[in-house]
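To start, the structure itself, in structure tokens.
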Amino acid sequence: MNLARQVKFNPPQTDIDKHRTEAEKEYIERPLADHAPGQLCLGPRHRPLPSTGHAKRTACSVTRKSDLTSEGKPRVVVLLSGGMDSCVCAALAARDGDAAAVHISYGQRTEARERKSFLAICERLGIHDRLIVRNEALRAIGGSALTDSNIAVPEWHAIGQDIPVTYVPFRNAHFLAVAVSWAEVLGGGKVYIGAVEQDSSGYPDCRPAYYEAFNRVVRAGTREGRIEIVTPLIAMRKAEIVRLGLELGAPFDLTWSCYGGQDQACGVCDSCVLRLRAFRAAGTKDPIPYAERQIVEC
């Protein structure tokens, strides 16, 4: 597993960026496929250069051992993919806690576009502590249209009993393992994830029972056993999530949900159609551009 940490504290980033060469900037943004296995890529706090391995440091540190920060808010970690649900979840985490955001790049089709949304959402929400993790295992394992170019991303279909080909096998376990590990280092008490069971694609790792079981694992397998995974959106309809996001000021204009597009969302994959239906049911317009706007009645 390759790691890429980007920790930002107080924008603008001039004190950090002025020390970066063009080669270093390119190294940070390099696609997953261009990183050799085992490379460690850290952010501005503590980052080895690709050529020398020498680490540059600043006075900033992400490690905080207390439950409450100087602002009196509890330290929390939020998983932020860059999509609609995770954006609303991040807005909740930032409202209720001192949030640190983690993003997983796993070789998915829209990896670069999702990472761009992650960074933009963090800026808008004022989340300065960020961890970007490169996980090559899920792409190597395959078995999903999101990670295997030989499996086509299907257009929308009505939700049934079958698990769709866009399901990435046991993906959320990988994500949660990283987030819980970071929460333990930071002294965080909660890990937020924007999993949704209602009117979603039917992924098995978005069910309440899954998170109940995972919390038992966390209690048994962490140092103090007190970190809790919270799923504030799991029982909500997509339209309710949109309304909540509007109340919170979640930056929907910066989000990316599409499984297949890069410049514009396709508008016809499961994720796009569920999102478009949610905005329409909430009585508002989705602010991002689409190649097509296919709203399916059901």
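General remarks:
- Residue count for segment 63-103 satisfying the condition of being at pLDDT below 95 and acidic (Asp, Glu): 2.
- Single residue of segment 132-166 satisfying the filter (closer than 27 Å to Arg219 by Cα and in contact with a Phe, Trp or Tyr (Cβ under 6 Å, 6 or more places away or on another chain)) that is surrounded by the most Cβ atoms within 10 Å (Cβ to Cβ): Leu138
- The set of residues from segment 214-233 being among the aliphatic types (A, V, I, L, M), touching a helix residue (DSSP H, G or I) at 6+ places or on another chain (Cβ under 8 Å) and in a helix (DSSP H, G or I) comprises just one member, Val218.
- Positions within segment 264-298 being surrounded by fewer than 18 Cβ atoms within 10 Å (Cβ to Cβ), assigned to a loop (DSSP other than H, G, I, E, B), touching a residue at least 40 places away in the same chain (Cβ under 8 Å) and touching a Lys or Arg at 6+ places or on another chain (Cβ under 9 Å), in sequence order: Thr284, Val296, Cys298
- Verdict on Gly261 being in contact with a Cys (Cβ under 9 Å, 6 or more places away or on another chain) and either closer than 19 Å to Arg277 by Cβ or assigned to a helix (DSSP H, G or I) (or both): yes
- Residues that are in contact with a strand residue (DSSP E or B) (Cβ under 6 Å, 6 or more places away or on another chain) and surrounded by fewer than 23 Cβ atoms within 10 Å (Cβ to Cβ) within segment 181-206 comprise Trp182, Leu186, Gly187, Gly189, Lys190, listed in sequence order.
- Residue in segment 104-115 that is in a strand (DSSP E or B), closer than 16 Å to Val191 by Cβ and either modelled with pLDDT of 95 or more or among the small types (Gly, Ala, Ser) (or both) present: yes
- Consider segment 176-231 and keep the residues that are at pLDDT below 95 and among the polar types (S, T, N, Q). The one that is farthest from Ala145 (Cα to Cα) is Gln198.
- Segment 116-131: number of residues that are within 16 Å of Cys258 (Cα to Cα) and either touching a residue at least 40 places away in the same chain (Cβ under 8 Å) or surrounded by fewer than 23 Cβ atoms within 10 Å (Cβ to Cβ) (or both): 2
- Residue list for segment 183-213, restricted to those being touching a residue at least 24 places away in the same chain (Cβ under 8 Å) and assigned to a helix (DSSP H, G or I): Ala183, Glu184, Val185, Leu186, Pro204, Asp205, Cys206, Pro208, Tyr210
- From the options Arg226, Arg216, Arg171, residue that is among the basic types (Lys, Arg), surrounded by fewer than 20 Cβ atoms within 10 Å (Cβ to Cβ) and either in contact (Cβ under 8 Å) with a residue 24 or more places away in the chain or closer than 18 Å to Val88 by Cβ (or both): Arg226
- The lone exception for Met236 - which of (1) part of a helix (DSSP H, G or I); (2) in contact (Cβ under 8 Å) with a residue 40 or more places away in the chain it fails: (1)
The values are calculated or read from the model by the stated rules, or taken from the named source; none is laboratory data. Values in this document were obtained by computation on a predicted structure and should not be read as measured data. A quick note on method: Cβ atoms are made from the backbone with ideal geometry, for glycine too, and the neighbour counts reach across all protein chains shown.
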